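Structure first, commentary second.
The values are calculated or read from the model by the stated rules, or taken from the named source; none is laboratory data. Nothing here was measured: the structure is a model prediction, and the numbers come from that model. Glycine also receives a Cβ, built like all others from the backbone with ideal geometry; neighbour counts cover every protein chain displayed. Surface accessibility is based on the protein's heavy atoms, side chains included, excluding ligands, DNA and RNA. Shrake-Rupley method; radii C 1.70, N 1.55, O 1.52, S 1.80 Å.
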Amino acid sequence: MRIYACADYRAMSRRAASLIAAQVLLKPDCVLGLATGSTPVGLYRQLAEWHQQGDLSFAGVRSVNLDEYLGLAPDHEQSYRRFMQVNLFDHIDIRPEHTHVLNGLAPDPQAECAAYDQLIRELGGVDLQLLGMGHNGHIAFNEPGDDFGLETHVVRLSERTIDANQRFFASRDEVPRQALSMGIKSILHARRILVVVSGADKAEAVRRAFAGPVTDQVPASVLQLHPDVTLVGDEAALSELKEAGGSLCG
Ligand code: GLP
């Protein structure tokens, strides 16, 4: 695993964006696995900026997003489809039909999940998967205790995740209790994985994920088993990992 320790959120965003840009430059028709949450917002802004300066084109790129709330329409303010439009897709030249986000209103959620796995296979798999991390070590919406062997599936959100995500909704009651999410198995299939973390409130989760045992109680810990993982974080998020003796570079 490669670890890049960056001074702050801005530097972290720039570093992560440069790794994604390099992937796109090396393989213009690559498949990017994309993530939501506040952590990737800065790196998406950086990618959009490079595109607007004429330095980076996404015209051949295909994207698949990790997850979506069950029950939210694609144009709902807090849907992950809308998040992707607002934070990235509307500012770059990716073709709309090349962007894929699970449909939170699918009449048959299980069938939607199966079709998504099939789609990823037809695209040839994910070249670079971007991931954020929840405070409990969740990745996408794979919560502690979830089976590592699952591909895309319907998940019930943990109370901690509902608490963390209520800041985006008018009240806690409005936070959906379920989501559609790529599973750990889908994530591990990606050829390369890029994890972004920021802020002192993630420090414990980062240490548990990367300096602790691989356990389903900390879903991100499974990334220790993947052969090509890059972790990019700011000093605050990496502080406990550093204390635990993680070898840092960059
Ligand atoms: C949500 C998303 C995750 C994301 C996590 C952390 O639960 N499903 O993919 O990693 O939030 O978000 P943030 O970056 O806002 O801390």
query: Which residues, counting only those in segment 164-187, are open to solvent by 20 Å² or more (accessible area, probe 1.4 Å) and touching a Leu at 6+ places or on another chain (Cβ under 7 Å)?
result: ARG177, GLN178, LYS185
message: Just to check your reading of the model, which residue among ALA164, ALA140, ALA111 is small (Gly, Ala, Ser) and at positive phi?
response: ALA140
- prompt: Among the residues of segment 196-207, is there at least one that is surrounded by 14 or more Cβ atoms within 10 Å (Cβ to Cβ), within 28 Å of GLY124 (Cβ to Cβ) and in contact (Cβ under 8 Å) with a residue 24 or more places away in the chain?
  reply: yes
- prompt: So, in segment 174-193, of the ones that are over 14 Å from the mean Cα position of the chain (by Cα) and within 14 Å of the ligand (Cβ to nearest atom), which residue ends up nearest to GLU112 (Cα to Cα)?
  reply: ALA179
query: Across segment 208-250, what is the number of residues that are within 19 Å of the chain's Cα centre (by Cα) and either under 24 Å from ILE20 (Cα atoms) or open to solvent by less than 60 Å² (accessible area, probe 1.4 Å) (or both)?
result: 21
message: So HIS135 ticks every box in (1) open to solvent by 30 Å² or more (accessible area, probe 1.4 Å); (2) away from the ligand (no atom under 16 Å from the Cβ); (3) within 25 Å of HIS76 (Cβ to Cβ) but one. Which box is left unticked?
response: (2)
task: Might you check whether a residue that is touching a Lys or Arg at 6+ places or on another chain (Cβ under 8 Å), closer than 28 Å to ASP163 by Cα and not polar (S, T, N, Q) occurs anywhere in segment 7-30?
output: no
message: Can you list the helices (runs of 4 or more DSSP H) lying wholly within segment 138-249 that have 2 or more residues being modelled with pLDDT of 95 or more and in contact with a strand residue (DSSP E or B) (Cβ under 8 Å, 6 or more places away or on another chain)?
response: 184-189, 203-211, 235-243
task: Scan segment 143-158 and give yes if some residue there is under 22 Å from SER38 (Cβ atoms) and of a type in the set (Ser, Thr, Tyr), otherwise no.
output: yes
message: Exactly one condition in (1) over 20 Å from MET133 (Cα atoms); (2) in contact with a helix residue (DSSP H, G or I) (Cβ under 8 Å, 6 or more places away or on another chain) is false for ASP29; which is it?
response: (2)
